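Working notes, beginning with the structure itself.
The values are calculated or read from the model by the stated rules, or taken from the named source; none is laboratory data. Not measured: the values here are computed from a predicted model. Using ideal geometry, Cβ is built from the backbone for each residue, glycine included, and neighbour counts are taken over all protein chains shown.
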Amino acid sequence: MKMELDPELKQKLIETFTLELDEQLACFSDGLLKLEKPSADENIEELHNLLFRTAHNIKGAARSVDIQDIAELSHSLESLFTQFKNNERKPTKKIIDICMQAVSQIREIMACYPEPFEKVMDIDSLLASEETDNNNRPAADIPQDSEELHQIPRNVENKEHMRVSVDKIDRFSSFVDEMQTIKLVMNDHFEQLAYLCNLIRKGEVQLKKNISKHSSTADEMITVLDNYAEISKSARDLSRDIKNTNSNLNYITNTLSDSIYFLRLVKVKDELLQLKLTARDISAELGKDITFNIEGEDLEVDRTLLEQLKHPLIHLLRNAIDHGIESPKERVSLGKSPTATIDLSVVNDGSKIIITLSDDGAGINIDKVKKKALKSKICSEVELQKLNEDELINLIFRPGFSTKEIITDISGRGVGMDVVNNFIETVKGKISVSSTAGQGAKFTMILPLSVSSEHAIVFKVSNQMFAIPTVFVECALQIHKKEIFSVEGSNAISVNNATIPLKDLADIITSNSSASQLPDSISVIIVNKGWSKVAFIVDEVVTEREIVIKPLSEPLCNIDNISGATLTGRGEIILVLNAVNLIQTSLRQSRSSRISTLSDDGASHSAPKILVVDDSITTRTLEKNILQARGFEVETAADGENAWQKIQANKYDLLVTDVEMPNMDGFTLTERVKNIDKDNVLPVVIVTSRECDDDKKRGIEVGADAYVVKSQFETGSLLSIIEQLI
């Protein structure tokens with residue numbers, strides 16, 4: 001008879017099982033990757049034992065909380081690895097794929113729990129279909145005796161461990177941040193008290209001078225002086241006591257902060273396993289063979305930093321495999337190994353983390369970078385001629401940049417490098433890239449170990465205090481308003497022979513603009529985000545100080561250009577500006593200003609006009625509504641021939657077309673469009689259900705600028721592609 005668990009106890013067991021399952025699945029996935037491409041010194045027997053034991057542990061834990069779907073899947077995996085251990089079956093690539101699918105499905109089952117999972121994969125049937133020779137025999141029974149499990153060698157540390165949820169650590173961290181804030185407030189209070197003590201001492205000195213000058217009232221003044229001296233001594237004693245208390249508070253706060261920091265450390269390999277899986281999936285999809293190595297897997301790094309770092313690293317990895325790594329056939333023709341190598345290195349350099357991602361592919365094509373920069377109007381021909389090779393390579397971090405010939409679901413959207421750069425700047429880090437033609441590229445990221453407190457420039461705008469982290473501030477200076485000049489209808493100043501856009505910060509972050517009432521002498525802060533610089537007019541630069549940035553709660557957390565807040569010693573709130581968003585906002589406003597100036601001169605600026613072509617009225621209507629909601633002017637056509645007639649009679653800014661249509665298909669339509677005017681061709685986005693590589697190659701051949709598969713269609717992705725191309 002099955003024993004029913006107390007609901008509260010079962011809930012606690014489920015929570016424990018979920019945490020354990022994440023660890024076990026990560027271990028299992030890592031083991032599968034090693035089994036698929038074992039290193040020269042890999043002990044395959046121990047690897048089989050590890051995977052067998054992991055599957056066994058998952059099965060037992062799943063049964064204890066009565067999640068039978070997971071128990072059955074892990075039992076099948078356990079049977080499989082029994083065969084591996086007994087040399088009854090070999091781990092082929094197809095079998096590894098089946099195991100990877102099982103791991104993914106176990107995660108999906110747990111994500112659905114307690115709702116039932118619709119269709120659990122039949123591992124045994126899939127494995128049976130994989131058997132092609134007599135050496136693959138039916139699965140052996142799992143030994144009932146548990147002695148075999150205990151024979152597996154394990155390294156057991158003689159330490160006591162206790163599970164603590166990340167949420168609890170986050171709560172402790174928030175308390176430490178509060179203590180850091182209190183510490184800074186106490187520092188301010190101590191400085192104010194020290195200032196008052198200094199005033200009292202000066203008053204005491206002045207009083208002694210007055211006594212010597214007025215001897216007739218000396219007795220009365222001596223009494224006052226005695227009282228004054230007593231106040232002065234009490235103030236000095238209080239100042240000394242507060243200084244000692246403040247020193248103790250600083251020590252305790254810093255020690256506690258360090259202790260919490262060490263609690264948040266996790267091993268690199270535990271958090272970056274997804275990169276290995278991503279590398280495996282992308283290389284398989286693109287038909288490329290790679291070996292992906294991670295050096296420094298046992299290094300411990302702040303968990304939050306690693307989680308934030310995952311997506312930028314995935315962007316870099318995707319680009320390396322898709323853009324940089326050649327096909328096996330091409331690599332062989334170049335005298336390279338058909339198997340490419342991508343290395344990820346993580347190093348702790350004391351106060352910072354250094355992460356390097358390198359490959360042995362084709363490197364970054366400088367000529368393609370130049371052509372794309374010109375086509376995207378990132379740089380003019382004159383500006384390109386002034387850039388050295390390193391500066392040219394760094395253009396890849398500009399928003400919307402991609403040298404990919406066609407935009408696909410793998411890469412080429414022009415957002416990856418920009419995402420990476422924005423992340424690095426958000427965490428106050430730096431990124432650099434080097435490349436050698438034919439030998440590969442290397443990206444190096446330098447990140448701070450901790451960003452709990454930092455220095456910032458504090459200033460006033462419209463009687464409100466604001467701050468910007470010092471790492472983003474190039475300089476603060478005073479200029480005369482006569483130094484302001486106009487460039488294409490926008491204000492600018494010249495600093496060190498460089499022309500920098502000038503914006504009034506009040507226009508961006510407050511409702512009070514003082515642009516028409518500028519004084520002769522103007523306070524300016526130059527904010528630097530990568531290769532973008534903007535000079536902002538402020539009312540007054542107050543100071544530079546250490547701050548602890550606290551995130552804002554709902555709904556304030558969604559305010560543009562604000563990343564958080566901090567407190568002064570007097571309890572005043574200082575809003576901390578998001579320098580990255582601030583520059584992006586100001587540059588968009590700068591462009592709007594130029595358009596406005598042109599409009600005053602008689603130029604006409606209407607919404608971009610898009611032609612949508614699809615023989616399905618449902619698809620046409622869907623795409624039309626999506627684009628109109630974004631502000632585009634949209635016309636539609638039911639087939640390629642109808643679209644071709646409209647293109648000859650009207651001017652469009654972009655064409656969105658299906659492939660399979662009557663009268664004229666999308667490939668033919670695209671080819672005709674691209675042959676109209678070689679110098680001013682209409683951008684074309686193909687949206688189709690065809691997803692094979694041959695169709696994508698055909699899209700490249702006829703000149704399509706983007707290729708979107710309907711099965712992977714997402715509104716945000718389509719709009720992002722269109723806004724990049726227009």
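Taking the condition assigned by TED's automatic domain parsing to the domain that holds Val461 and either at pLDDT below 80 or in contact with a Ser or Thr (Cβ under 7 Å, 6 or more places away or on another chain) (or both), does Lys550 pass? Steps first, please.
On the way: assigned by TED's automatic domain parsing to the domain that holds Val461: yes; either at pLDDT below 80 or in contact with a Ser or Thr (Cβ under 7 Å, 6 or more places away or on another chain) (or both): yes.
For Lys550, the condition - assigned by TED's automatic domain parsing to the domain that holds Val461 and either at pLDDT below 80 or in contact with a Ser or Thr (Cβ under 7 Å, 6 or more places away or on another chain) (or both) - is met.
Looking only at residues that are assigned to a helix (DSSP H, G or I) and more than 12 Å from His315 (Cα to Cα) in segment 398-430, which one is modelled with the highest pLDDT? Steps first, please.
Restricting attention to segment 398-430, the residues satisfying the condition of being assigned to a helix (DSSP H, G or I) are 416-426.
In the following step, the residues that additionally are more than 12 Å from His315 (Cα to Cα) were identified as 422, 424-426.
Values: Asn422: 74, Ile424: 80, Glu425: 74, Thr426: 72.
Among residues in segment 398-430 that are assigned to a helix (DSSP H, G or I) and more than 12 Å from His315 (Cα to Cα), the one modelled with the highest pLDDT is Ile424.
For Lys310, state whether it is under 24 Å from Asp418 (Cα atoms) and either buried (at least 21 other Cβ atoms within 10 Å of the Cβ) or without any contact (Cβ under 8 Å) to a residue 60 or more places away in the chain (or both).
Details: under 24 Å from Asp418 (Cα atoms): yes; either buried (at least 21 other Cβ atoms within 10 Å of the Cβ) or without any contact (Cβ under 8 Å) to a residue 60 or more places away in the chain (or both): yes.
Taking the combined requirement at face value, the residue satisfies it.
Restricting to segment 125-145, and then to whatever is surrounded by 12 or more Cβ atoms within 10 Å (Cβ to Cβ) and in contact with a Leu (Cβ under 9 Å, 6 or more places away or on another chain), can you tell me which residue is modelled with the highest pLDDT? Spell out the reasoning first.
Going residue by residue through segment 125-145, those that are surrounded by 12 or more Cβ atoms within 10 Å (Cβ to Cβ) are 126-128, 130-131, 136, 138-140, 142.
Still in the list and also in contact with a Leu (Cβ under 9 Å, 6 or more places away or on another chain): 127, 136, 139.
Numbers: Leu127: 76, Asn136: 45, Ala139: 39.
Checking each candidate, the answer is Leu127.
Just a yes or no: is a residue in segment 56-73 buried (at least 18 other Cβ atoms within 10 Å of the Cβ) and under 24 Å from Phe292 (Cβ atoms)? No, every residue in segment 56-73 fails to be buried (at least 18 other Cβ atoms within 10 Å of the Cβ) and under 24 Å from Phe292 (Cβ atoms). If you go through segment 622-650 and keep only what is in a strand (DSSP E or B), of a type outside the set (Gly, Ala, Ser) and surrounded by 15 or more Cβ atoms within 10 Å (Cβ to Cβ), you end up with Val634, Thr636. Among the residues that make up segment 101-121, is at least one of them modelled with pLDDT under 85, within 15 Å of His48 (Cα to Cα) and among the basic types (Lys, Arg)? No, there is no match, as no residue in segment 101-121 is modelled with pLDDT under 85, within 15 Å of His48 (Cα to Cα) and among the basic types (Lys, Arg).
Residue under question is Leu299, and the condition is that it be out of contact with any Pro (no Cβ under 7 Å at 6 or more places or on another chain) and either more than 20 Å from Ser39 (Cβ to Cβ) or surrounded by 18 or more Cβ atoms within 10 Å (Cβ to Cβ) (or both); does it hold? It would help to see each step written out before you state the result.
Details: out of contact with any Pro (no Cβ under 7 Å at 6 or more places or on another chain): yes; either more than 20 Å from Ser39 (Cβ to Cβ) or surrounded by 18 or more Cβ atoms within 10 Å (Cβ to Cβ) (or both): no.
No.
So Asn87 passes all but one of these: (1) crowded, with 20+ Cβ neighbours inside 10 Å; (2) outside any helix (DSSP H, G or I). Which condition number does it fail? Among (1) crowded, with 20+ Cβ neighbours inside 10 Å; (2) outside any helix (DSSP H, G or I), Asn87 violates only (1). Taken together, the residues in segment 49-77 that are modelled with pLDDT under 85, part of a helix (DSSP H, G or I) and in contact with a Phe, Trp or Tyr (Cβ under 7 Å, 6 or more places away or on another chain) amount to 1.
Quick check, is Gly350 modelled with pLDDT under 90, assigned to a loop (DSSP other than H, G, I, E, B) and within 30 Å of Lys533 (Cα to Cα)? First the steps, then the outcome.
Details: modelled with pLDDT under 90: yes; assigned to a loop (DSSP other than H, G, I, E, B): yes; within 30 Å of Lys533 (Cα to Cα): no.
When the stated conditions are applied, Gly350 does not pass them.
The residues on offer are Ile647, Ile686, and the sole one that is of a type in the set (A, V, I, L, M, F, W, C), in contact with a Ser or Thr (Cβ under 8 Å, 6 or more places away or on another chain) and in the same structural domain as Ser717 (by TED's automatic domain parsing) is Ile686. Return the residues of segment 13-59 that are more than 17 Å from Cys99 (Cβ to Cβ) and of a type in the set (Phe, Trp, Tyr); say none if nothing qualifies. Matches in segment 13-59: Phe17 only.
Which of the residues belonging to segment 667-701 are within 20 Å of Gln724 (Cα to Cα) and in a helix (DSSP H, G or I)? Of everything in segment 667-701, those that are within 20 Å of Gln724 (Cα to Cα) and in a helix (DSSP H, G or I) turn out to be Thr670, Val673, Lys674, Lys696, Gly699, Ile700.
So is Ser345 outside the structural domain of Gln439 (by TED's automatic domain parsing) and either under 14 Å from Leu447 (Cβ atoms) or assigned to a helix (DSSP H, G or I) (or both) or not? Quick ask: steps written out before the conclusion?
Details: outside the structural domain of Gln439 (by TED's automatic domain parsing): no; either under 14 Å from Leu447 (Cβ atoms) or assigned to a helix (DSSP H, G or I) (or both): yes.
So Ser345 fails the test.
The set of residues in segment 651-680 being of a type in the set (A, V, I, L, M, F, W, C) and loosely packed, with under 15 Cβ neighbours inside 10 Å consists of Ile676 alone. I'd like to know if segment 364-384 contains one or more residues that are within 23 Å of the chain's Cα centre (by Cα) and modelled with pLDDT of 85 or more. Scanning segment 364-384 turns up at least one residue that is within 23 Å of the chain's Cα centre (by Cα) and modelled with pLDDT of 85 or more. Of the residues making up segment 431-444, those that are at negative phi and modelled with pLDDT of 90 or more are Gln439, Ala441, Lys442, Phe443, Thr444.
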